[in-house]
Structures are given as C-alpha cells and as structure tokens.
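S.K.: I'd like to ask some things about the structure below.
The values are calculated or read from the model by the stated rules, or taken from the named source; none is laboratory data. It should be emphasised that the depicted structure is a prediction, and the values quoted were computed from it without experimental measurement. So basically every Cβ, Gly included, is an ideal-geometry build from the backbone, and we count neighbours across all protein chains shown.
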Amino acid sequence: MLDHRVITLLTVCEQGSFTGAAEVLSLTQPAVSHHIRRLEEEWGIRIFHRSRGKLLPTESGKIVIKYARRAFALNEKLLRDLADTSRKLTSLRVGITQTAESGLAAETLAKYSAEHEGINITIVTETINNLYTMLTDYQIDLAIVEGRVNDPHIHSVMLDTDYLVCVMSNNNPLSKRSMVTLEELRRERMILRLPNSDTRNLFVSNLESLGLDIGDFDVMLEVDSIATIKDLIRKDMGVSILARSACMDELRKGKLNALPIENLSMVRQTNLLYLRDFEHTDILQELTRLYGEMTRLYR
C-alpha cells in the first residue's frame, strides 16, 4: 500500500546517502536517485541538498520527511491491526518516560497483559518530546508521561499526582529529618538528571522562582539513567531530586529515604495520552483502574 519511493526516501534519511540506501534496499545507486528525483518532480520541490559531502534535507524536504514517517507508521499500524483481527490478538505500543519506567507504568502494563490473554504490549522508553511526536505520528498507541500536554490533538486521562523529593541513602544524616532545607541541600553533593530531563527542568524552575540558580548547588554528577542514580545514592555517593513515584519500590523496602524540600512545591501530574481516534476506551479504563490499584498498594 505504501509507495516504494517513500520507503526509499526514509532509507536515504536513515543512511545519510544514496549509496547507503541502495545497499540496504538491494537497489542500484541510480535507482535510488531516480526514486528521489521522481518524488521531487511530483511535488515540485527539492528534498535534499549537499553540504560538505553530506545529504541534508531542505526546508521543504523536512516537511516531506515528517509526513513520510507518519505515512510509514500508519501503514505499519494498519498491518498490525489487520494481523490482530485475523489472529484475535491485540497489539499495543506504549511509550513511557524514564521516570514512568522507574515507577508504576511498566508494572501496570505487565499486570494488564497478564490479566488479558492475547494482549501483546511493546513498551518504548523515550523523552517526553519524542513521545509526543511518536504519538501524533502513530508510531505508538498510548503514552504515559509526567506533566500536562497542550496539544489539542492529544487527549489525556490523569493517572496520578506525583511530586519531586530529595532522595538520599539511609546513612545520610538528613534521612533522620522530616524535611530538607535549601541551605542543607546546598551543602550536599548532588547527582541530578541531565539538563534536558523534565525532572531537572521542574527543579530548576522552582529554584528560579525563589531567585536561586542551579549553580548555587554542588552538582557533582549528571546522569541520564534513574536506575544508576538510585544505585549511587544507595552507596551514599550523594543525594538527588527525583519523582517520588520513581523510588516507590526502594522506599517501600527501606532501601532509600525521600524527603520534601522546604519552600519547593514540585507537583506534577502523571497522564495517559492518546489520540482522538483511539477506539479502545475499555483499555483506557482498565489501565487507569490498574494504575490506581498499584498506587494504593505502594503508598
């Protein structure tokens, strides 16, 4: 159903050259060039230009590539849905953030799959912005993210209200307190998420609202993986700012401690996102119910 020239275009983008695409597609390089030229003639644009030996998309080309990826994802979804109908199997692709992965999202999806025979769930972990794109491009069916989305094409159901806390080892003297002051936090070695993470940005924005700067704190290490951060905290290498939901299992088992920070109210929602044409409302209701049960279990 999908035009073979569109597949050629996407392969050129992935490989960064006509030659590389030709090898992947088992075509000649002139054949690949012909496919791209025919698309350019059909749409009356130039898709690529060369810069220092590299293929770079033009502004018009970026638009074409965006919709080509969306068309490819829709075609893949069509094939999955047709296969599901013939096999009486439902495939579900769900995108989650690292925070959601460390929290209850993955466990909720596993429980749903275990309770519903014939459900095949694929979990994709990505940044929030990438998940928004993947959802609108039909690369995933659902997304579980922190915070609100202001896209009219994306619908949402709130699963939980979460908040950021200061996480520390049980050996840290602060663990005996009921809260942490900002002055105490300044004296601690901090292990934070990378600057592009939503967790980090929420912490920084709350500091800035008080006239403070992240540079006022001793950030000794920046790590992308939440699991690695928690492991370093358990070894008393420093403290961190994480979503409480990302530490629920460790908190319940007494492996870590988490405290609120004075004057910082870092509250955010955990939402289940879907597009308007997502037809399986029964799945939305069941996932919402299971997530609520899991939340009550850990609290």
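S.K.: Could you list, in sequence order, all residues of segment 107-133 that are modelled with pLDDT of 90 or more and aliphatic (A, V, I, L, M)?
M.R.: LEU109, ALA110, ALA114, ILE121, ILE123, VAL124, LEU131, listed by residue number.
S.K.: Give me the helices (runs of 4 or more DSSP H) completely within segment 213-299, filtered to those with at least 2 residues that are of a type in the set (Lys, Arg) and either free of Cβ contacts under 8 Å to residues at least 40 places away in the same chain or in the same structural domain as LYS111 (by TED's automatic domain parsing) (or both), ordered by residue number.
M.R.: Those helices (runs of 4 or more DSSP H) span 281-298.
S.K.: Another question, then. Just give me the residues in segment 17-52 being at pLDDT 85 or above and of a type in the set (D, E, K, R), in sequence order.
M.R.: Across segment 17-52, the qualifying residues are GLU23, ARG37, ARG38, GLU40, GLU41, GLU42, ARG46.
Each row is one residue, and each column tells you yes or no for (1) under 23 Å from LEU275 (Cα atoms); (2) of a type outside the set (S, T, N, Q); (3) assigned by TED's automatic domain parsing to the domain that holds THR133.
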| residue | (1), (2), (3) |
| --- | --- |
| ALA22 | no, yes, no |
| HIS34 | no, yes, no |
| ARG37 | no, yes, no |
| SER91 | yes, no, yes |
| ALA100 | yes, yes, yes |
| ALA105 | yes, yes, yes |
| TYR112 | yes, yes, yes |
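S.K.: To continue, here is another question. Report, by residue number, each residue of segment 159-171 that is within 23 Å of THR228 (Cβ to Cβ) and surrounded by fewer than 20 Cβ atoms within 10 Å (Cβ to Cβ).
M.R.: If the condition is that a residue be within 23 Å of THR228 (Cβ to Cβ) and surrounded by fewer than 20 Cβ atoms within 10 Å (Cβ to Cβ), then TYR163, SER169, ASN170, ASN171 are the ones that fit.
S.K.: Another question, if that's okay. Confirm whether VAL124 is assigned by TED's automatic domain parsing to the domain that holds LEU92, of a type in the set (Val, Ile, Thr), closer than 23 Å to LEU207 by Cα and in contact with a Leu (Cβ under 9 Å, 6 or more places away or on another chain). Break it down stepwise before answering.
M.R.: Details: assigned by TED's automatic domain parsing to the domain that holds LEU92: yes; of a type in the set (Val, Ile, Thr): yes; closer than 23 Å to LEU207 by Cα: no; in contact with a Leu (Cβ under 9 Å, 6 or more places away or on another chain): yes.
So VAL124 does not fit the description; no.
S.K.: If you don't mind, another one. Looking only at helices (runs of 4 or more DSSP H) that lie completely in segment 1-85, which have at least 2 residues being hydroxyl-bearing (Ser, Thr, Tyr)?
M.R.: 4-15
S.K.: Of a type outside the set (Asp, Glu), modelled with pLDDT under 90, in the same structural domain as HIS280 (by TED's automatic domain parsing) and over 17 Å from ASP141 (Cβ atoms) - does that describe any residue in segment 9-16? Lay out the reasoning, then the answer.
M.R.: Step one: of segment 9-16, the residues of a type outside the set (Asp, Glu) are 9-13, 15-16.
Going one step further and asking which of them are modelled with pLDDT under 90, we end up with 9-13, 15-16.
Then drop every residue that is not in the same structural domain as HIS280 (by TED's automatic domain parsing), which leaves none.
Within segment 9-16 (the criterion being of a type outside the set (Asp, Glu), modelled with pLDDT under 90, in the same structural domain as HIS280 (by TED's automatic domain parsing) and over 17 Å from ASP141 (Cβ atoms)), the answer is no, since none of the residues qualifies.
S.K.: Does VAL167 satisfy the criteria of being among the hydrophobic types (A, V, I, L, M, F, W, C), at pLDDT 95 or above and farther than 13 Å from LEU272 by Cα?
M.R.: Spelling it out, VAL167 is indeed among the hydrophobic types (A, V, I, L, M, F, W, C), at pLDDT 95 or above and farther than 13 Å from LEU272 by Cα.
S.K.: Looking at (1) in contact (Cβ under 8 Å) with a residue 60 or more places away in the chain; (2) aliphatic (A, V, I, L, M); (3) in contact with a helix residue (DSSP H, G or I) (Cβ under 7 Å, 6 or more places away or on another chain), can you tell me which one LEU74 breaks?
M.R.: Just one mismatch for LEU74, condition (3).
S.K.: It is to be established whether one or more residues within segment 177-185 are on the phi > 0 side of the Ramachandran plot and either at pLDDT 95 or above or among the aliphatic types (A, V, I, L, M) (or both).
M.R.: Within segment 177-185 (the criterion being on the phi > 0 side of the Ramachandran plot and either at pLDDT 95 or above or among the aliphatic types (A, V, I, L, M) (or both)), the answer is no, since none of the residues qualifies.
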